[in-house]
Amino acid sequence: MTRFARIGASSIFLFLAILLILSRLSTQTWHPGAVFISASVVLSLGIVALMGKRTDVIIGLSSILSFFAILLVWSFATRSFYDPGFDGYAYHLSAIWEIAAGWNPFLSSHSNIWVDSYPNGYWVLQSYIVGATGLLMSGQSLIAGLTAAVFLLAYSFFIERFESLLPYRNQVLALLFAGIIAGNPVVIGQLLTHYVDAPLYLFGAALVLFLLSDTVSPNWLTRLGIVACIILMVNTKTAALYYAPLLVFGGFIAEIAYRSSNNSPFTEVFVWIKHKGILYGFAFIFSVVAVGYKPYVTNIADHGDLLYPPVEQIMKGNEPSNVIPLSAPMKFIYGIFARTDHSEWPIDAPIEIKVPGTFHVSEFKFMRFDTRRGGFGPFFSLALIVSIASYGIVKLASRDKSKYKWHRTGDSLALFGIAMIAISMFFPESWWARYVPFAWPGVLFLSVAAIFLEGRGRMQMVSRILVGIALLSFIGCILASGLGAIRESKLLFERTEKIEFLARFPEVKLLMFYDPPAIQDFQSTSTQDGLSVWSRLLADRQISTVISRERDQFDCDMADYLNGGIYWCIVIDELD
């Protein structure tokens with residue numbers, strides 16, 4: 001099982017990275033999707049065969065085909081649902097559709113400043129799904145496919161680690177921990193959206209698992225999986241410029257801790273740099289300069305900034321009022337210990353701190369795709385506290401060699417977990433869960449580490465009880481995020497059911513209910529494509545629309561909200 005998962009996951013991520021690289025060769029008149037997909041499958045399977053046995057190709061091919069099947073099934077199963085998010089309508093969907101139609105971001109600019117200035121690799125991958133299925137919203141199925149791949153990879157990693165330690169419970173625990181890794185509330189909230197926080201996390205989680213797997217069982221195919229994840233992360237979201245190298249550094253620390261008992265730490269550092277560090281560094285540079293030429297190089301050339309538009313300009317008005325003057329670590333603490341609350345107006349409402357472990361019933365309905373207060377769920381602060389306590393207890397107990405045996409894998413996992421928490425803590429927007437998704441596995445790894453104490457005694461029993469409390473806390477958070485996501489999708493589904501009613505009218509007006517940010521430059525003049533996106537979505541349902549920028553909903557005889565800041569409007573006197 002572990003071999004199948006390692007080869008299968010590596011094949012999937014290699015396929016996606018190769019497909020992204022080949023896609024950079026397309027032009028407006030030449031964009032052979034089927035050729036690129038076929039070539040990517042062949043090349044990824046060729047690498048699998050070269051790195052292992054020829055029979056491994058069967059595993060790789062079956063994994064890629066299973067991945068395709070998940071995308072296809074999810075696309076058609078969710079075709080009745082629209083994106084419950086906001087940014088999908090503002091720019092994600094227009095980018096995906098235009099790339100599917102042949103636009104190559106490398107060759108021309110875009111009128112939407114976000115499309116023109118943000119990484120476009122994930123949109124490129126989504127465009128193939130839209131092109132293959134013909135379903136305008138099917139790009140979001142890629143999150144479901146990546147979630148399945150990460151779950152499989154996590155399950156194989158944990159079951160291998162627990163096999164000798166807990167032979168009778170390894171499968172159950174592996175399933176549980178893998179489910180928690182894949183079930184990050186950021187992922188659950190964005191399953192039906194086109195947001196890129198969940199994909200960034202899933203690529204990063206795969207990177208972490210590959211790094212840990214290569215620490216315990218060095219393998220060249222695993223290392224190429226790491227390279228693929230770096231390329232995919234960097235071309236999904238600009239935050240990867242921060243996370244990708246630091247996650248690799250976390251893997252480096254974990255490996256040194258795992259191997260330092262065999263050789264001197266200095267020797268291990270030199271060996272790691274020689275055999276892995278140079279490769280990963282080159283992959284990062286290649287993913288920024290070559291694969292990510294647009295936007296990273298072009299942002300510097302055209303605007304003088306790597307991150308454009310400036311983060312301060314984007315975040316203005318988005319922060320809760322009581323975290324604005326705080327340092328990044330303090331913002332992180334506020335975010336972790338916050339009461340899970342609504343994300344509606346006013347957006348800058350202050351964060352309310354609560355006692356860890358306590359909860360309000362409302363916290364089980366307010367979580368959604370971009371929860372701004374307590375975004376990991378109502379029990380995450382409790383999970384953090386008991387996870388730290390459980391690891392601290394087992395480290396104290398491990399000093400008694402007569403009663404306990406400590407496995408150094410525990411230290412490796414704990415150090416990686418601490419690294420992910422620290423990385424998240426110093427991210428500028430550390431209060432917002434979707435911007436610091438790696439805090440979730442960071443806390444989990446501390447709980448997992450506590451399991452690697454063998455023996456019988458009171459301290460082990462206490463640590464296991466604390467691990468149990470942490471697991472229940474994670475499950476409670478996943479439940480809250482699931483209920484919130486269902487509620488959000490249900491509300492949108494009820495609103496969009498009225499689209500059938502709109503088909504009765506010869507003309508429907510589309511209105512924007514707010515003034516979008518006035519950010520523009522010499523290449524781009526728009527920050528909101530919601531009107532044109534909904535116009536195309538309704539045209540797909542055979543509904544004729546007219547975009548109106550002069551009216552508001554109070555000028556309408558009938559009107560209601562769609563999503564993404566857009567209203568439909570019927571003016572009886574103006575109907576033919």
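How do MET461, MET558 stack up against each other in accessible area, from largest to smallest, with a 1.4 angstrom probe?
MET461, MET558
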- request: Kindly state, as a whole number, the per residue volume in cubic angstrom of the convex hull around the alpha carbon atoms of the stretch 23-88.
  value: 149
- line: Computed for the chain: size of charge dipole around the Cα centre, +1 on C-beta of each Lys and Arg, -1 on C-beta of each Asp and Glu, debye to nearest 20, value 3020
- request: Return the whole-Å distance between the Cα centroid of the stretch 212-284 and the Cα centroid of the stretch 555-573.
  value: 53
query: Taking only Cα atoms, what is the 0 to 90° angle, nearest 10, from helix 141-162's long axis to the longest principal axis of the chain?
result: 10
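Contact order normalised by length for the chain, with contacts defined as Cα pairs under 8 Å and 6 or more residues apart; what percent is it? Each step should come with its number before you reach the end.
Working: 971 pairs, mean separation 92.6, N = 576.
Across the chain, relative contact order equals 16 percent.
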query: Just the accessible area for VAL73, please: 1.4 Å probe, Å², rounded to the nearest 10?
result: 100
query: How large is ³J(HN,Hα) for each residue in the stretch 283-291, as worked out from phi by the Karplus curve 6.51 cos²θ - 1.76 cosθ + 1.60 (θ = phi - 60°), to whole Hz, x for Gly and Pro?
result: 4, 5, 4, 4, 5, 7, 7, 9, 5
- request: Compute the normalised compactness of the stretch 305-387: alpha-carbon radius of gyration over 2.2 N^0.38 Å, N being the residue count.
  value: 1.17
query: Nearest 10 degrees, 0 to 90: what angle lies between the long axis of helix 439-449 and the longest principal axis of the chain (Cα atoms)?
result: 20
task: Scan around ILE547 for amide H atoms under 5 Å from its own, H built in the peptide plane at 1.01 Å from N, and keep only partners 5 or more places away or cross-chain.
output: LEU510
field: Rough spin-label spacing in nm, given labels placed 7 Å along Cα→Cβ, for HIS342 and ASP560
entry: 2.0
- line: In nm², the average projected area of the convex hull spanned by the Cα atoms of the chain is 27.2
- prompt: Which whole number in µm²/s is D for the stretch 431-537 by Stokes-Einstein, with the Kirkwood Rh taken over Cα pairs at 20 °C and 1.002 mPa s?
  reply: 109
message: Using only the alpha-carbon atoms, how far is helix 170-182 inclined from the longest principal axis of the chain? Give it as 0 to 90 degrees, nearest 10.
response: 40
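DSSP beta bridges in the chain, what fraction antiparallel, as a percent rounded to 5? Walk me through the intermediate numbers first.
Working: 13 of 17 bridges.
DSSP beta bridges in the chain are roughly 75 percent antiparallel.
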field: Charge-dipole axis of the stretch 310-495 as Lys and Arg at +1 and Asp and Glu at -1 on Cβ define it, positive-most pick from PRO320, GLY484, ALA397
entry: ALA397
field: Residue (of GLY134, VAL48, PRO350) at the positive-pole extreme of the chain, dipole from beta-carbon charges
entry: VAL48
message: If I take all pairs of Cα atoms in the stretch 504-570, what percentage of them are more than 17 Å from each other?
response: 41
message: Using protein chains only and a probe of 1.4 angstrom, how many square angstrom of LEU446 are accessible, to the nearest 10?
response: 10
- prompt: Leaving out ligands, DNA and RNA but keeping every protein chain, what accessible area does VAL271 have, in Å² rounded to the nearest 10, with a 1.4 Å probe?
  reply: 60
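So, counting K/R as plus one and D/E as minus one, what does the shell of residues with Cβ under 15 Å around ILE256 add up to?
Working: positive: ARG259, LYS274, LYS276, ARG408; negative: ASP214, GLU255, GLU268, ASP411.
Overall, the nearby charge balance is 0.
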field: Per the chain, cysteines lacking a partner by the 4.7 Å Cβ criterion
entry: CYS229, CYS477
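Taking the mean number of other Cβ atoms within 10 Å as a proxy for protection, how do you rank 218-224, 141-147 from highest to lowest? Walk me through the numbers on the way to the answer.
Working: 218-224: 18.6, 141-147: 24.1.
Top to bottom by mean Cβ count within 10 Å: 141-147, 218-224.
Calculate how many DSSP beta bridges within the stretch 504-570 are antiparallel, expressed in % of all such bridges and rounded to the nearest 5.
Taking every DSSP beta bridge within the stretch 504-570, about 75 percent pair in antiparallel fashion.
With every protein chain left in place, what is the accessible area per residue of the chain in square angstrom, probe 1.4 Å? Let's see the in-between values first.
On the way: 23190 Å² over 576 residues.
Here the per-residue accessible area is 40 Å².
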task: List the residues whose amide H sits under 5 Å from the amide H of GLU352, counting only those 5 or more places along or on another chain, with H placed 1.01 Å from N in the peptide plane.
output: ARG339
message: Given the options VAL443, LEU173, THR236, identify the residue whose Cα lies farthest towards the positive end of the charge dipole of the chain (+1 on Cβ of Lys, Arg; -1 on Cβ of Asp, Glu).
response: LEU173
query: List the lysines whose alpha-carbon lies under 22 Å from that of LYS331, not counting same-chain residues fewer than 8 positions away?
result: LYS237, LYS316, LYS354
field: Cleavage-rule hits (trypsin sites (Lys or Arg not before Pro)) in the stretch 437-466: DSSP loop, at most 13 neighbouring Cβ within 10 angstrom
entry: ARG456
task: Excluding residues fewer than 8 places away in the same chain, name every one of the lysines whose C-alpha is closer than 27 Å to that of LYS53.
output: LYS274, LYS276
query: What is the spin-label model distance, in nm, from VAL361 to VAL216 if the labels are put 7 Å beyond Cα along the C-beta direction?
result: 4.4
- prompt: List the trypsin sites (Lys or Arg not before Pro) in the stretch 496-543 that DSSP assigns to loop (not H, G, I, E or B) and whose Cβ has at most 16 other Cβ atoms within 10 Å. Which are they?
  reply: LYS498, ARG504, ARG541
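Rounded to the nearest percent, how much of the accessible area of the chain (1.4 Å probe, protein heavy atoms only) is carbon and sulfur? Please list the in-between numbers first.
Numbers: 14690 of 23190 Å².
Here it works out to 63 percent.
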- request: Treat each spin label as a single point 7 Å out from the Cα along the C-beta direction, and report the LEU107 to ILE572 distance in nm.
  value: 5.1
query: Under a straight-distance cross-link criterion of Cα-Cα below 23 Å, which lysines are reachable from LYS498, leaving out those fewer than 8 residues away in the same chain?
result: LYS490, LYS509
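Name the chymotrypsin sites (Phe, Trp or Tyr not before Pro) in the stretch 144-197 that are in a loop by DSSP and that have at most 14 other C-beta atoms within 10 Å, would you?
Values: sites: PHE151, TYR155, PHE157, PHE158, PHE162, TYR168, PHE177, TYR195; in loops: TYR168, TYR195.
Filter output for the stretch 144-197: TYR168.
The values are calculated or read from the model by the stated rules, or taken from the named source; none is laboratory data. The shown structure was predicted, so the numbers you read here are calculated from the model rather than taken from an experiment. When we count neighbours, we look across all protein chains shown, and the Cβ atoms used for this are built from the backbone with ideal geometry, even at glycine. Accessible surface areas use protein heavy atoms only, side chains included; no ligands, DNA or RNA. Shrake-Rupley method; radii C 1.70, N 1.55, O 1.52, S 1.80 Å.
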